[in-house]
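The structure under discussion appears below in the form of structure tokens.
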Amino acid sequence: MSPISLNRTSRLSDRVQEIPPSGIRRFFDLASTMENVVSLGVGEPDFTTPWKIREASISSLERGFTSYSANAGVPKLRRAICDYMETRFSVSYDPDTEVLVTVGASEAIDIGMRAILNPGDEVIIVEPTFVSYRSLVSMAGGVPVPIRTGIEDQFKVTPEQIKQAITPRTKALMICFPNNPTGSTIGREDLKQIAKLCEEHNLLVFSDEIYAELSYDEPHVSIAELDGMKDRTILISGFSKSFAMTGWRLGFVMAPPDILAAMLKIHQYTLMCAPTMAQYGAIEALENGMEDVEQMRNSYRQRRNYLVKTFAEIGLSCHSPGGAFYAFPSIQNTGFTSEEFAEKLLLEERVAVVPGHVFGEGGEGYIRCSYATSMEQLQEAMTRMGRFLTKYA
Amino acid sequence: MDQKAIEILQIIESNGRVEIPILAKMVEATEEEVKQYLLQLEKERIILSYSAVIDWTKVRNQEGVTAVIDVKVTPKRGVGFDEVAERIYRFPEVQALYLMSGAYDLSVVIESKTMSESARFVSEKLSTIDSVISTTTHFQLKKYKHDGVVFAEPDQDRRMVVSP
Ligand SMILES: Cc1ncc(COP(=O)(O)O)c(C=O)c1O
């Protein structure tokens, strides 16, 4: 008997097997076989990366910059990230010890969790939110503790809710704003209260601010900017959304030196460094790309305005999202579950949306509609959804 | 000018056919307000016309020729270049006319059905104007981009239909 089969019921790790498969997969499979689908299901910009950024990356290849970079990232990029974050969001970090360039914000979240969690440590997650958090906490050996927010509070978490979720095992709080899928943001006053709680209970904070540039009504406030918070915040961001660079796989994380050093250890053994040519593109993005960001932001804001007003007209209640590029209307008046709604809408009207329950507690009864698509597509989607709702609402 | 007016201009510059109800939603104004804005912008001649960019090479028997003509002129006392410019832009063939700095004074863009029609315009109408000293005519061979619009086929959306 080979030693491999000793007492093993499965060849896969329990940890991986416990993770539920992505709730979106089935829809994707179904939608991708159909013709003439208008998709509001896409969670990435419809813009192509601005040309000057692509050009800078091409030029880096021409000059032969094709080797590994420093583990933490090209020094010039780290400095550019610090300058950018300081001017835009008033947070100040040291490029040598407090910044790490990662393979997407996704990697930053993963290695952040792995750097701080011991088995059984709890991480509070404010849901509905980005699909990865729960699984990344579990895979790092931690225990996700979801808090549910709803439309009645515009999907904002109250300090009271956080307080109730805290146990002696709570290690960190995960927040994401502007949020995917609700588009909800958190203002300075609410952040202050959350910060106070974190100090009282000695919690670390994961702050995923990848949509910070896509704030439409009020300027984004980073929690790391508040008194005393820099030392307990792991600030995650990246280039995917604001610069339309999803395929480049480039993000960054800013954290106190001890935590950053721990993350760097994992990063250097698993990935060595982020792609070098992508990093050269990113330098150009930060140094000369802000006008492009502004143009894209304006365009998203106009589409948001259109979408939210049109939802009201066709009979879906939807709060006005302050950021990101998602609207999260309630479909409760149809009597369908969000999965039924999304499936029927896809089959009968060929509009793809994402059912809210995949984003965790509180997401049931809602659908996520991305407006990172052209006005023509949005208009077509609204015509079709309007027709659908007159049948069922 | 207020921010909403600028936003309206930016939107209709890239698509002049956006309907007023949709425009109103996009900029968070009422339809009445948008109509007022448009009227005012037209009155102030900030909006000059609503035009379409058309690729005529795709329409059979409709393709024409475009020429850019560099013109040197002697400016006239009192009216400078304006008088000769006005004489030139009144010709219906002239699509655009700019006063330039550098090696020549006026840049004239003309469109006509055939090459010989353009030649006739240059030799019979333009060069015979009193203050015109010389002309250099360049014919456009192919349009790649015009008024900010790329003439190639649009890219397909390569993104996944549904993604997190
Ligand atoms: C909230 C949030 N965080 C992180 C990511 C992943 O970003 P990246 O492409 O930088 O890995 C996404 C992508 O959808 C997101 O919505």
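Couple of notes before you dig in:
- Shown in residue order for region A:92-107 are the 3J(HN,Hα) couplings computed by the Karplus curve 6.51 cos²θ - 1.76 cosθ + 1.60 at θ = phi - 60°: 10, 10, 8, x, 8, 10, 10, 10, 9, 8, 10, 7, x, 4, 4, 5 Hz (x for Gly and Pro).
- Size descriptors for region A:268-337: radius of gyration and Dmax over Cα atoms are 19.2, 53 Å.
- Among the chymotrypsin sites (Phe, Trp or Tyr not before Pro) found in region B:124-164, those both in a DSSP coil and sparsely packed, with 14 or fewer other Cβ atoms within 10 Å of their Cβ, are B:Y144, B:F151.
- For A:G238, distant residues with modelled amide H under 5 Å away: A:F252
- As a ratio to 2.2 N^0.38 Å, the alpha-carbon radius of gyration for the protein assembly as shown is 1.18.
- 10 Å Cβ shell holding at most 13 others, DSSP loop, trypsin sites (Lys or Arg not before Pro): longest site-free stretch of chain A: A:170-393
- Here is the P(r) of region A:226-291: all C-alpha pair distances, binned every 5 Å from 0, give 4, 14, 21, 22, 18, 15, 6, 1 in whole percents.
- Candidate lysines for bridging to B:K35, where Cα separation is under 16 Å - those fewer than 8 sequence places away on the same chain excluded: B:K4, B:K25, B:K43
- Calculated Rg and Dmax of region B:12-96 using C-alpha coordinates, Å: 19.2, 52
- Whole-Å distance, taken between Cα centres, linking region B:53-124 and region A:134-173: 68 Å
- Ranking B:L97, A:L389 by solvent-accessible area of protein heavy atoms (1.4 Å probe, all protein chains present), from largest to smallest, gives B:L97, A:L389.
- Reduction of at least 30 Å² in accessible surface, 1.4 Å probe, comparing all protein chains with the chain by itself, residues of region B:141-164: B:R159, B:M160, B:V161, B:V162, B:S163, B:P164
- The mean sequence separation of alpha-carbon pairs under 8 Å and at least six residues apart, normalised by the residue count of region B:1-72, gives a relative contact order of 21 percent.
- Sum of -39500 (n - 2.57) over DSSP H runs of 4+, divided by residues of the protein assembly as shown (222 nm, nearest 500): -11500 deg cm²/dmol
- Ignoring lysines fewer than eight residues from B:K142 along the same chain, the ones with Cα atoms less than 18 angstrom from its Cα are B:K58, B:K113.
- Mean shadow area of chain B, taken as a quarter of the surface of its Cα convex hull (nm²): 15.0 nm²
- Accessible area ranking (1.4 Å probe, heavy atoms, ligands and nucleic acids excluded), largest first, for A:E218, A:E127: A:E218, A:E127.
- Annotated for chain A: lysine pairs at least 8 residues apart or interchain, Cα distance under 14 Å, count 6.
- Among the chymotrypsin sites (Phe, Trp or Tyr not before Pro) in region B:17-60, those located in a DSSP loop and surrounded by at most 14 other Cβ atoms within 10 Å of their own Cβ are B:Y50.
The values are calculated or read from the model by the stated rules, or taken from the named source; none is laboratory data. Since the structure is predicted, the reported quantities are computational estimates derived from the model, not experimental observations. Heads up, the Cβs are rebuilt from the backbone with ideal geometry, glycines too, and the neighbour counts pull from every protein chain shown. What goes into the accessible areas is simple: the full protein's heavy atoms, side chains included, and nothing from ligands, DNA or RNA. Shrake-Rupley method; radii C 1.70, N 1.55, O 1.52, S 1.80 Å.
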